[in-house]
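**Q** Mind having a look at this structure? Questions to follow.
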Amino acid sequence: MRTSIWTVSIVALLVAAGIANAANVPAGVTGLWRFQTEADKLTATMGVDLTTSNAGNSAWFSGPWTVIEPELSDGGVVQERSWDYLTVNPSFVANGGGSYVNQYTVAVDYVQTSDGGWWEGEQYNSLFQTSWDGNENDGDLFIKGPDRANSVIGTGDTGYSTLTYGASKWHRIVWSVDNSSFFRVYVDGVLFLDAPGQGVDGRFSLYPDRFNLFADNSWEDAWGLVGTVATWNRALSSEEIAPMGGWIDGAATPTKLVIPEPATLALLLSGLPLLRRRRA
């Protein structure tokens, strides 16, 4: 009896997926967006497609982008301009003892390409906004500084990081939130901000099906490029986030993202043409 092409292909895929047992993407991803082609720039790899506040002028695609290769940052990038924003449905459920989502994690590969809004000698660029309408309230996570080369990250309520970084270069930024305990922000796997939680169902709680990237109500946001977005319906630990890395020590390319089973096999299968089963 001959072995079918289907069987061989599945075995090969399982072997390839087994290699990803050394995955550095923590388990439980609920949403993943890679901006792969012009036609599918807001299409989800996992989860629900993104939407943009301005379909005609926002979310311009640039790519294919070969600087990041391969794994989960292998498509293109989307350019977001000031005032416009992306709306994310992270496929969350309420948790943390409240009526809203109080424990979650968001990761983005991002570079700021212009100054943000200026206030008292500092430029502000909103990364993240929790209200229903993205321009309804103040942003909820800011990059700020006297210039982009000396940026800190945080908010007025949580304080800002003492560590600085160059916002004009690519970085992998992750924020992990447990509203009853902490609000933590990481840049390229390094903990930059470790602030107290702001209370269950408080400022940083989310609707289960919506939050906004790069939104603010007073133009305190900048032009930028985003290459990858991922979400988790839980607060990741420092030990989980550190291996995700980023542009370590200013490297030209970032740490590759390798997603664990079973999503790895699904991603591999999604990239292959349909194989017809052959009779033995």
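Quick note: the coordinates plus some simple rules give every number you see, no bench work behind them. Everything numeric in this text was worked out from a predicted model, so none of it was measured.
**Q** Can you check how the C-alpha radius of gyration of the range 26-256 compares to 2.2 N^0.38 Å, as a plain ratio?
**A** Rounded to two decimals, the normalised Rg is 0.91.
**Q** To continue, here is another question. If each residue of separation counts as 0.36 nm, what is the full-extension length gain between Ala242 and Asp49 once their alpha-carbon separation is subtracted?
**A** 66.7 nm
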